[in-house]
Amino acid sequence: MSIDIFLNLTVRGLTTGAIYALVGMGIVLILQTTNVMNFAQGDTGMFITYLAFFMITTAKVPYSLVLILAIAAGAFVGLLVERFMMRSVRSRSHLSLIMLTLGLSLLFQGLAAFLFKTEPRLFPPLVSGDPIKLGPIILGRQDIVVLLAAIVTFGILYLFLYRTKQGAAARSISQDEYAARVLGIPTPSIYMLVWAIGSAMAGLAALLIVPRFSLEPSFMGLIQVKAFTAIVLGGMGSVFGAAVGGLIIGIVENLVAYQFPAIKDSFMLIVIVIVLLVMPQGLFGKRQQRRF
Amino acid sequence: MTPSSTRRLAVNGAIVVLVLVLPLVFRTRSSIIGYLNIAMLYAIATQGLNLLMGFGGLVSLGHAAFMAIGGYTAAVLVMTYHVNMFLAVVAGVAGAGLFGLVIGFPSLRLSGFYLAVATMALGSSIADVIKRLAITGGDYGLINIPTLRLGGWELTSETSKYYFFVAILVVVFLVVRNFLNSRSGRAVRAVRDSEMTASAMGVNVAAYKLVTFIFAACIAGLSGALYAFTISYLHPMNFGLTFSIELLSMSIIGGLGTIIGPILGALFWVMLPVVIGGRMEFLSTVIFGLSIIGSVMFLPKGLSELVTRIQTRLRL
Amino acid sequence: MLRVDQVVSGYGPIDVLNHVTISLDKGEIVAVLGANGAGKTTLLRTITGLIRVRKGSVMFGDKALNGLSPAEVVKCGISHVPEGRHIFPDLTVEENLLLAAYSMPRSQQKGRLDAMYAMFDILAERRKQAGGTLSGGEQQMLALARGLMPNPRLMLLDEPSLGLAPKIIGTVFDTLARLRESGVSILLVEQNAKRSLELADRAYVLVTGQVALEGTARELKGNEMVKQLYLGGTR
């Protein structure tokens, strides 16, 4: 493999990895604060993407406005899910919570198929035009958008978690939920906020990546699995660990796919299991569960 | 006999008669019986999952893989190595059980979400590996698998398969029920309720977790093997994460931790799209999603809860 | 100031508090003694709103606390320092303190923070350190400071001496005395009966969810049963 190819694969892998990171960070945020592993994260994004598609094609809303509306819709959906579904089953077993989100995932897939039909559609990219050449690296314009959006989102998330009181509250809840309640932190509104942010991130991630595939109800399925690999690698307890994990997975996956296309997917899956057994706290987590 | 037990006998008797007579009712529409057969096979696999999750408290998002192993092992043995079908099925069950042991090991160290993710990954990777092996037909799947035969008897008609599956289903349910009522079964439930307490009471937690996984896997393997010889076609992607989640859904909708839950859930899952009809098939997906959500939120015992309520209404 | 009247509360199917009546006047330190499982922590949780009141009422001044959320109770002027301190281990001392004044406007928070640093110089020193790196005694100081951040009129303290070395316990109780001087009323739940009765004005003894004994601290110190059960051993 020449250096040029290596660099190109790596950069391309970064853009895919950024998507895994965005999905994964949303999952970890929700997991750490509300103790629910949201298996519907990918499909929430998928549904938002369908809504966006409808807005662009039928309602002829300009693309940039659609982006904002879609992210807002994602946040709204997350809020509703927390308020009306998760809140009442908070105290149940892990299994119940997992099943609830799986049911939600199925619901979104069904709704998308039912409302919009399942034929694969082509989703227009945010920017079109020729790829840009930076030295030996060739980057598609959409890829640049993805990278920029990811960097901005990481930044916003960092500011939220470490510079706002709601973010501090979310972190405190993830460390000691009881203490947070005792101190008088309004935990229900923080839960809703966190779900809103997580779902918005899912919507953003799906929107950014969909031009690469065709729009159909199942397009986020494999991405979600890879996002899970990312958070396992980064440590389920760490939001930014998930980000790093996602980027690593994206790059490694791309390199492996080039050399050994056959084992691309199973390779990732075996990685999860090995990490879980050998190093369950991942690269950045600490021994105990539930930490940012 | 008390009035309620005569009533119960009458209702149970009626159900038995109904079950036996059903194929005759639908003899002109054997496709319906075909669907019922599939539902029964799913119910068998779901019973295994139900045992694992409802009674064992162990999360598994990779259950479909056990079906796949059972099916592929049996099918390949019969087709490539010309092994007797009965032995092949047994081998399928054993193979699935073996993988149950393998997938069960993570459960000793992981729990809750972590176990869910691990089983999800392992289950998906088994499907993926099957896809890449030549011996299993790889990406094209395995076609032209011979039909089920009982001794010298080929079960070609849906009706013959129907009665055979009913028998198997009853046997499986009885075995599971007896297991649950046995000392081992109680130990399994003790582990589900509280590992610490069970361990303090002298229960070998690790052994029971593995036993539960193996048992559940064997049951699913049986279902898979029978499925292979019924549909005569296996494709690895039909046994991936999506199907694992479907089995999970059948378990939940039917009622986790109940004996009849699996059959109710499987019937609901298979028959709803049939009832709704071709054009509205995605409506069933929506209904499934809502059913799962509704089940978790409002009816923890799923459809079996409805059955219990009917039973109380009829004062059985 | 605080009146807990015939309160019944508990967890799930079990009632832990069985018609408990406790009162506390402004400026008092009232101790609640009792063995493990007597319901002391449950009592505090019920007042703060972490557990629902099933029967009876909890009045703070003329405000009923029944059914209020913990956040609302804090806003009424009551703070709760839970058993076991519950410091947020991966947040800094400063973050820990600021969270305790969550609903306060920014400008006011700063003032309270400075007041806490003035009162507890260890915390001022370690303000940027993670909570989990503090020693047991320092964490207890942090827990107390957190309890003071929202400028409460009443503080509920659950076993502040638990797990601390005797010398540190002394510091803790001195701090509590200082607090009383500055006008904060304190409801103190403790297993360390000896020191509690030295500090408190009045006390109650809870036995399996009911008030078995009540009176001034001096009265209880002289009470035979109390002496045998709670003052006998070295607790």
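The values are calculated or read from the model by the stated rules, or taken from the named source; none is laboratory data. Fair warning: this is a prediction, and the values are worked out from it, not measured in the lab. Using ideal geometry, Cβ is built from the backbone for each residue, glycine included, and neighbour counts are taken over all protein chains shown.
Would you tally the residues in segment C:28-40 being surrounded by 22 or more Cβ atoms within 10 Å (Cβ to Cβ) and farther than 12 Å from C:Thr208 by Cα? Full working, then the answer.
Restricting attention to segment C:28-40, the residues satisfying the condition of being surrounded by 22 or more Cβ atoms within 10 Å (Cβ to Cβ) are C:29-34, C:38-40.
Cutting the leftovers down to farther than 12 Å from C:Thr208 by Cα gives us C:29-32.
Residues in segment C:28-40 being surrounded by 22 or more Cβ atoms within 10 Å (Cβ to Cβ) and farther than 12 Å from C:Thr208 by Cα: 4 in total.
Among A:Met55, A:Met46, A:Met37, which is the only one that is touching a residue at least 12 places away in the same chain (Cβ under 8 Å), within 22 Å of A:Val81 (Cα to Cα) and part of a helix (DSSP H, G or I)?
A:Met46
Pick from A:Ser105, A:Ser88: which is surrounded by fewer than 21 Cβ atoms within 10 Å (Cβ to Cβ) and within 29 Å of B:Leu61 (Cα to Cα)?
Of the residues listed, the single one that is surrounded by fewer than 21 Cβ atoms within 10 Å (Cβ to Cβ) and within 29 Å of B:Leu61 (Cα to Cα) is A:Ser88.
Working carefully through the options B:Met201, B:Met250, B:Met237, find the one that is free of Cβ contacts under 8 Å to residues at least 40 places away in the same chain and either out of contact with any Leu (no Cβ under 7 Å at 6 or more places or on another chain) or under 25 Å from B:Gly302 (Cα atoms) (or both). Can you show your working first?
On the way: B:Met250 fails: free of Cβ contacts under 8 Å to residues at least 40 places away in the same chain; B:Met237 fails: free of Cβ contacts under 8 Å to residues at least 40 places away in the same chain.
It is B:Met201.
Which residue pairs have Cβ atoms closer than 7 Å, lie 6 or more positions apart in sequence or on different chains, and pair a first residue in segment C:1-20 that is loosely packed, with under 14 Cβ neighbours inside 10 Å with a second residue that is of a type in the set (Ser, Thr, Tyr)?
That search, which allows pairs on different chains as well, returns C:Gln6/C:Thr21.
Restricting to segment B:27-62, and then to whatever is more than 14 Å from every other protein chain (Cβ to nearest Cβ) and not in a helix (DSSP H, G or I), can you tell me which residue is surrounded by the fewest Cβ atoms within 10 Å (Cβ to Cβ)?
B:Thr28
Among the residues in segment C:109-121, are any small (Gly, Ala, Ser), surrounded by 16 or more Cβ atoms within 10 Å (Cβ to Cβ) and touching a helix residue (DSSP H, G or I) at 6+ places or on another chain (Cβ under 9 Å)? Spell out how you get there, then give the answer.
Going residue by residue through segment C:109-121, those that are small (Gly, Ala, Ser) are C:111, C:115, C:118.
Of the ones still in play, those that are also surrounded by 16 or more Cβ atoms within 10 Å (Cβ to Cβ) are none.
Looking for residues that are small (Gly, Ala, Ser), surrounded by 16 or more Cβ atoms within 10 Å (Cβ to Cβ) and touching a helix residue (DSSP H, G or I) at 6+ places or on another chain (Cβ under 9 Å), one finds none in segment C:109-121, hence no.
Condition first: assigned to a helix (DSSP H, G or I) and either facing another protein chain (nearest Cβ under 9 Å) or surrounded by fewer than 22 Cβ atoms within 10 Å (Cβ to Cβ) (or both). Now tell me which residues in segment B:89-106 satisfy that.
Let us first name the residues in segment B:89-106 that are assigned to a helix (DSSP H, G or I), namely B:89-104, B:106.
Within segment B:89-106, B:Val90, B:Ala91, B:Ala94, B:Leu98, B:Leu101, B:Val102, B:Pro106 meet the criteria.
I want to confirm something. Restricting to segment C:65-78 and keeping residues that are within 17 Å of the chain's Cα centre (by Cα) and assigned to a loop (DSSP other than H, G, I, E, B), which single residue is nearest to A:Leu183 (Cα to Cα)?
Going through the qualifying residues, I end up with C:Gly77.
Matching residues to (1) within 12 Å of chain A (Cβ to nearest Cβ); (2) at negative phi:
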site	(1), (2)
B:Ile259	no, yes
B:Trp269	yes, yes
B:Gly277	no, no
B:Ile287	yes, yes
B:Ile293	yes, yes
B:Leu314	no, yes
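Spot the failing condition for B:Ser157; the list is (1) buried (at least 17 other Cβ atoms within 10 Å of the Cβ); (2) in contact (Cβ under 8 Å) with a residue 12 or more places away in the chain, and only one is missed.
Condition (1) is where B:Ser157 drops out.
With the condition being more than 28 Å from A:Ala179 (Cβ to Cβ), I'd like the helices (runs of 4 or more DSSP H) fully within segment C:150-235 carrying at least 2 qualifying residues.
Values: elements: C:166-181, C:193-199, C:217-222.
It comes to C:193-199, C:217-222.
Tell me which helices (runs of 4 or more DSSP H) are completely within segment B:210-316 and hold 1 or more residues being of a type in the set (D, E, K, R) and over 14 Å from the mean Cα position of the chain (by Cα), or say none if there are none. Before the answer, list the steps.
On the way: elements: B:241-254, B:261-276, B:281-298, B:302-313.
Per the criteria, B:281-298, B:302-313.
Quick one: in segment A:242-276, of everything that is among the small types (Gly, Ala, Ser) and under 15 Å from A:Leu222 (Cβ atoms), which residue is surrounded by the most Cβ atoms within 10 Å (Cβ to Cβ)?
Just the residues of segment A:242-276 that are among the small types (Gly, Ala, Ser), to begin with: A:242-243, A:245-246, A:250, A:257, A:262, A:266.
Going one step further and asking which of them are under 15 Å from A:Leu222 (Cβ atoms), we end up with A:246, A:250, A:257, A:266.
Numbers: A:Gly246: 30, A:Gly250: 23, A:Ala257: 16, A:Ser266: 18.
Out of the qualifying residues, it is A:Gly246.
Restricting to segment C:76-108, and then to whatever is of a type in the set (Ser, Thr, Tyr) and surrounded by 17 or more Cβ atoms within 10 Å (Cβ to Cβ), can you tell me which residue is nearest to the other protein chains (Cβ to nearest Cβ)?
To start, the set of residues in segment C:76-108 that are of a type in the set (Ser, Thr, Tyr) comprises C:79, C:92, C:102-103, C:107.
In the following step, the residues that additionally are surrounded by 17 or more Cβ atoms within 10 Å (Cβ to Cβ) were identified as C:79, C:92, C:102.
Details: C:Ser79: 8, C:Thr92: 10, C:Tyr102: 5 Å.
Looking at the filtered set, the residue picked out is C:Tyr102.
Return the pair list, or none, for Cβ contacts closer than 8 Å from residues in segment A:166-183 that are within 7 Å of chain C (Cβ to nearest Cβ) and in contact (Cβ under 8 Å) with a residue 40 or more places away in the chain to residues that are crowded, with 21+ Cβ neighbours inside 10 Å and aliphatic (A, V, I, L, M), at least 6 apart or on different chains.
Short answer, once both residue conditions are applied: A:Arg171/C:Leu91; A:Gln175/C:Leu91.
(1) without any contact (Cβ under 8 Å) to a residue 24 or more places away in the chain; (2) within 14 Å of another protein chain (Cβ to nearest Cβ): which one isn't true of A:Phe213, the others all being true?
It is condition (2) that A:Phe213 fails.
For segment B:235-290, what are the residues that are in contact with a Phe, Trp or Tyr (Cβ under 6 Å, 6 or more places away or on another chain) and within 20 Å of B:Gly34 (Cβ to Cβ)?
B:Met250, B:Ala266, B:Val270, B:Val274
Exactly one condition in (1) modelled with pLDDT of 75 or more; (2) surrounded by fewer than 19 Cβ atoms within 10 Å (Cβ to Cβ); (3) closer than 27 Å to A:Ile197 by Cα; (4) within 13 Å of chain B (Cβ to nearest Cβ) is false for A:Leu283; which is it?
Here A:Leu283 clears every test but (4).
Mind checking which residues of segment A:86-99 are at the interface with another protein chain (Cβ under 7 Å from one of its Cβ atoms) and either over 20 Å from B:Lys301 (Cβ atoms) or touching a residue at least 60 places away in the same chain (Cβ under 8 Å) (or both)?
A:Ile98
On the given criteria, is C:Leu144 in a helix (DSSP H, G or I), more than 10 Å from chain A (Cβ to nearest Cβ) and in contact with a strand residue (DSSP E or B) (Cβ under 8 Å, 6 or more places away or on another chain)? Show your work before the answer.
Values: in a helix (DSSP H, G or I): yes; more than 10 Å from chain A (Cβ to nearest Cβ): yes; in contact with a strand residue (DSSP E or B) (Cβ under 8 Å, 6 or more places away or on another chain): yes.
Yes.
So A:Leu183 ticks every box in (1) buried (at least 24 other Cβ atoms within 10 Å of the Cβ); (2) out of contact with any strand residue (DSSP E or B) (no Cβ under 9 Å at 6 or more places or on another chain) but one. Which box is left unticked?
(2)
Kindly indicate whether any position in segment C:55-64 is assigned to a loop (DSSP other than H, G, I, E, B), modelled with pLDDT under 90 and more than 9 Å from chain A (Cβ to nearest Cβ). Break it down stepwise before answering.
The first filter runs over segment C:55-64 and keeps only residues assigned to a loop (DSSP other than H, G, I, E, B), leaving C:61-62.
Applying the additional criterion that residues be modelled with pLDDT under 90 yields C:61-62.
Now narrow it down to the ones that are more than 9 Å from chain A (Cβ to nearest Cβ): C:61-62.
Yes: one or more hits.
Restricting to segment A:2-20, count the residues that are over 23 Å from A:Met201 (Cα atoms) and either of a type outside the set (Ser, Thr, Tyr) or in contact with a Phe, Trp or Tyr (Cβ under 6 Å, 6 or more places away or on another chain) (or both).
Result for segment A:2-20: 7.
Residues to consider are C:Leu50, C:Leu98; find the one that is closer than 21 Å to A:Ala170 by Cβ and in a loop (DSSP other than H, G, I, E, B). It would help to see each step written out before you state the result.
Values: C:Leu98 fails: in a loop (DSSP other than H, G, I, E, B).
Among C:Leu50, C:Leu98, only C:Leu50 is closer than 21 Å to A:Ala170 by Cβ and in a loop (DSSP other than H, G, I, E, B).
When the residues of segment B:118-130 are filtered to those that are facing chain A (nearest Cβ under 8 Å), in contact (Cβ under 8 Å) with a residue 40 or more places away in the chain and within 13 Å of B:Leu61 (Cα to Cα), which remaining residue is surrounded by the most Cβ atoms within 10 Å (Cβ to Cβ)? Before you say what the answer is, go through the steps one by one.
As a first pass, look at segment B:118-130 and keep what is facing chain A (nearest Cβ under 8 Å): B:118, B:120-122, B:124-125, B:128-129.
Now narrow it down to the ones that are in contact (Cβ under 8 Å) with a residue 40 or more places away in the chain: B:120-122, B:124, B:128.
Right, trim to within 13 Å of B:Leu61 (Cα to Cα) and you get B:120-122, B:124.
Details: B:Met120: 24, B:Ala121: 28, B:Leu122: 24, B:Ser124: 26.
Top of the filtered list is B:Ala121.
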